Amino acid sequence: MPLLLCDLDGTLVDRVGAFRRWAEDLASRADQSATFVEWLVTLDNDGLTPKANMYEELGTRIHLGQSFEEFLVDYDASYPTYFQPEPAVTTALLLAREAGWRIAVVTNGYARQAEKIATAGIAHLIDVVCISAVEGFWKPDPRLLELAAERAGVRLADSWMIGDSAENDVGAATAAGISSVWLNRGQMWPRTDFRPSAEAVTFAEAVTFVLGRSS
């Protein structure tokens with residue numbers, strides 16, 4: 001039985017959309033305009049900006065009334081609730097399962113990643129979840145992928161990796177010696193030392209390609 005290894009943020013769930021919804025709620029509570037929301041989304045940089053930096057920058061724009069520790073606790077508790085089901089992703093996962101594939105999520109991040117999966121309504125379609133901070137291996141370390149295959153009871157060599165990070169997702173697949181699909185989101189491939197097996201714009205397109213190659 002083959003295994004479909006999937007990244008989470010930017011692959012199975014819309015992280016940017018979820019953060020925007022969180023930012024819109026914050027803007028509403030702080031009586032801020034749409035300009036504030038766009039500023040905050042840019043500041044977040046798809047999660048790459050440290051939360052301590054975000055807290056400091058926010059403090060120059062609005063009155064937070066919280067210590068950094070309190071802000072972080074509130075953010076960690078509320079942010080995962082802003083994720084929403086993605087119908088095209090759900091359909092693609094169902095197609096993969098019907099075709100006999102097992103599905104694993106291999107994601108960098110902390111334990112709250114599991115809450116995103118639940119809020120997105122896809123937990124029942126996932127066989128294995130490996131979260132880097134929980135397991136101790138961070139992509140592109142291939143051991144996170146190896147662990148997922150072991151828990152799924154399948155051979156890693158028969159697996160495919162789908163993700164939107166050239167370095168972390170395709171890099172991990174390359175290190176593991178397995179095939180991969182990079183979700184390019186309209187971008188050019190940035191590396192010269194390795195390449196994905198294929199590129200796709202959406203997760204659904206990637207799954208269709210993988211299923212076609214294995215049929």
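The values are calculated or read from the model by the stated rules, or taken from the named source; none is laboratory data. Computed from a predicted model, the values in this text were never measured in an experiment. FYI the Cβ positions are ideal-geometry reconstructions off the backbone, even for glycines, and counts take in every protein chain you see. Side chains included, ligands, DNA and RNA excluded: accessible areas come from the protein's heavy atoms. Shrake-Rupley method; radii C 1.70, N 1.55, O 1.52, S 1.80 Å.
Whole-Hz Karplus values for segment 188-195 come out as 8, 4, x, 10, 10, 8, 7, 9 Hz, taken residue by residue from phi with 6.51 cos²θ - 1.76 cosθ + 1.60 and θ = phi - 60°; glycine and proline positions read x. Solvent-accessible surface (1.4 Å probe) assigned to Tyr55 amounts to roughly 50 Å². Spatial offset of segment 90-138 relative to segment 150-199 amounts to 16 Å, using the alpha carbon center of each. Database remark: amide H of Val13 closer than 5 angstrom to no amide H (H placed geometrically; neighbours at sequence offset of 5 or more, or on other chains; Pro and chain starts carry no H). Extending 7 Å from Cα along the Cβ direction at Arg61 and again at Asp25 yields two label points whose distance is 1.7 nm. Here Cα extents along the principal axes in Å was computed from the coordinates, and among [x] 56, 38, 31; [y] 61, 49, 44; [z] 51, 36, 33 the match is [x].
So what is the calculated 222 nm ellipticity per residue for the chain, using -39500 (n - 2.57) for each DSSP H run with n of 4 or more, over all residues, to the nearest 500 deg cm²/dmol? Please report the intermediate quantities before stating the final value.
Values: 10 runs with 97 residues, N = 215.
Computed mean residue ellipticity for the chain: -13000 deg cm²/dmol.
First compute the accessible area of the chain with a 1.4 Å probe, then give the percent of it belonging to carbon and sulfur atoms.
On the way: 5200 of 10260 Å².
Taking all protein chains in place, the chain shows 51 percent carbon and sulfur surface.
Ranking Ser67, Phe36, Pro85 by how far each Cα lies toward the positive end of the dipole of segment 1-118 (charges on Cβ) leaves Pro85 at the top. In order along segment 50-67, phi translates into HN-Hα couplings of x, 5, 5, 5, 4, 4, 5, 5, 4, x, 7, 10, 9, 8, 7, x, 9, 6 Hz, rounded to whole numbers, per the Karplus curve 6.51 cos²θ - 1.76 cosθ + 1.60 with θ = phi - 60° and x for Gly and Pro.
Residue by residue, segment 94-107 carries 3J(HN,Hα) couplings of 4, 4, 5, 5, 5, 7, x, 8, 8, 10, 10, 9, 10, 10 Hz when phi is fed to the Karplus relation 6.51 cos²θ - 1.76 cosθ + 1.60 (θ = phi - 60°); x denotes Gly or Pro. With the convex hull drawn around the C-alpha atoms of segment 88-182, the volume per residue stands at 91 Å³.
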